[in-house]
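Only one structure is covered here, and it is reproduced in the block below.
The values are calculated or read from the model by the stated rules, or taken from the named source; none is laboratory data. None of the values given here were measured: they were computed from a predicted structure. Heads up, the Cβs are rebuilt from the backbone with ideal geometry, glycines too, and the neighbour counts pull from every protein chain shown.
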């Protein structure tokens, strides 16, 4: 099921909210968590019920491992309140084994379902390249990628790690833990909610009219960003990336359109997830902070997809040694984290290259010291150079294959083949509607107010404006075809 659909907006969401608050009032927290979990499983399994089994398996494993790590299977433990482990205290062998089981099980699920096809295709390419076609697996097993598996495995795994580190208490109630893993607002495309960020809210959170109103505003702003901004820019990008080669201006228009599409599409989903969470009393962390305002790639990653970048920092970069073991090790750690971050997004060498570009730039900027050379220039120059690098990297993120990406970059710099048929692309993307969409989106990107700040103090004029955008979005949804979020495929 998709947030930006009439089915969700007019059927699932109203029914869910009505029953959620009724059950919360009559049955209390545990009953509301059971209902929220059941509704989340319905939401997640709408397209393919089999996917629910994988999420349930991951939930059972991490719940059990969390109990082992926190010592809940020791005699008399269930008679005492659950306490967080001493962060500096020793860990028993059974606790370490439980943590390893949790991490390995989640990584095995993610690795098999996300990278199995990639491994087979890479093997076939290698065999074909060296003339051993007979060794290729042409009719081998093919795997369907479950929606959101990259998000909920990282989220579920963070529970075991946080409990092991002593950053949070374990959960005894299976329903409470299932609610944390399966909560539908951020289940399919994030943000990645680490357990320590919502641990206390699972047991006690405040419901208020102000919080609900801000959540509704977040949701309506999100759906407006998706439908009115991201989708028109996506049509421009789709036209350009479908062409064999392009004029220079068309190639740049296409990748700029994609940069706006992916930002407003993903940040829209995050806004909607945060809004739905607020309606249910949960406060989720901010996931975007005007990333195209960044004056360096280092700053870009402090603003883009914050839930992933901080997850990689705290659970991968720092455990690898971070910047505490010398410059050489720091550069290796940066490169490894960004390469793995690229692979997290998708099983393709293009994603590895995308991660490598960002990793190389992070290393380069770190070698420059506190500020890279272009950060010492006027602010707009740093923003421009950073955005240029991000655009080049987005080509690999968007293109289907490496040759496609190189052909597109060639077109951006005047090396396209100039096929006459591709001259039609300019006429299709440089219409008044598309150019106006790009102009409005660019203005909002660099001069607009973030949803997080805009909804902080809701006045009547703001409420009327948000409501107008929402109804415009609904009208567009009713008139257009199905448009899923980009990050559904990750």
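Go through segment 29-49 and report how many residues are assigned to a helix (DSSP H, G or I), touching a residue at least 12 places away in the same chain (Cβ under 8 Å) and either farther than 12 Å from residue 2 by Cα or over 22 Å from the mean Cα position of the chain (by Cα) (or both).
Pass one, segment 29-49, residues assigned to a helix (DSSP H, G or I): 29-44.
Okay, now just the ones that are also touching a residue at least 12 places away in the same chain (Cβ under 8 Å), so 29-30, 32-37, 39-41, 43-44.
Checking which are either farther than 12 Å from residue 2 by Cα or over 22 Å from the mean Cα position of the chain (by Cα) (or both) leaves us with 29-30, 32-37, 39-41.
Matching residues across segment 29-49 total 11.
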Residue selected from segment 90-140 under the condition outside any helix (DSSP H, G or I) and outside the structural domain of residue 50 (by TED's automatic domain parsing), by the criterion nearest to the chain's Cα centre (by Cα): 140
Residue within segment 66-76 that is without any contact (Cβ under 8 Å) to a residue 60 or more places away in the chain, in a helix (DSSP H, G or I) and over 22 Å from residue 16 (Cβ atoms) present: yes
Residue identified as under 19 Å from the mean Cα position of the chain (by Cα), farther than 30 Å from residue 117 by Cα, assigned to a loop (DSSP other than H, G, I, E, B) and not assigned by TED's automatic domain parsing to the domain that holds residue 120 among 295, 325, 286: 286
Test: residue 258 is within 15 Å of the chain's Cα centre (by Cα), under 22 Å from residue 484 (Cα atoms) and part of a helix (DSSP H, G or I): no
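Please enumerate the residues belonging to segment 85-95 that are surrounded by 10 or more Cβ atoms within 10 Å (Cβ to Cβ) and touching a helix residue (DSSP H, G or I) at 6+ places or on another chain (Cβ under 8 Å). Please lay out each step first, then the result.
We begin by selecting, within segment 85-95, every residue surrounded by 10 or more Cβ atoms within 10 Å (Cβ to Cβ); these are 85, 91-92, 94-95.
Hits for segment 85-95 are 85, 91, 94, 95.
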The listed residue being on the phi > 0 side of the Ramachandran plot and either surrounded by fewer than 18 Cβ atoms within 10 Å (Cβ to Cβ) or modelled with pLDDT under 95 (or both), out of 18, 28: 28
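Can you tell me which residue is surrounded by the most Cβ atoms within 10 Å (Cβ to Cβ) among those in segment 436-460 that are touching a residue at least 12 places away in the same chain (Cβ under 8 Å) and assigned to a loop (DSSP other than H, G, I, E, B)?
This residue is 455.
Output yes when any residue across segment 178-198 is within 21 Å of residue 152 (Cβ to Cβ), over 21 Å from the mean Cα position of the chain (by Cα) and not assigned by TED's automatic domain parsing to the domain that holds residue 303, and no when none is.
Just the residues of segment 178-198 that are within 21 Å of residue 152 (Cβ to Cβ), to begin with: 178-198.
Keeping just the survivors that are over 21 Å from the mean Cα position of the chain (by Cα) gives none.
No, every residue in segment 178-198 fails to be within 21 Å of residue 152 (Cβ to Cβ), over 21 Å from the mean Cα position of the chain (by Cα) and not assigned by TED's automatic domain parsing to the domain that holds residue 303.
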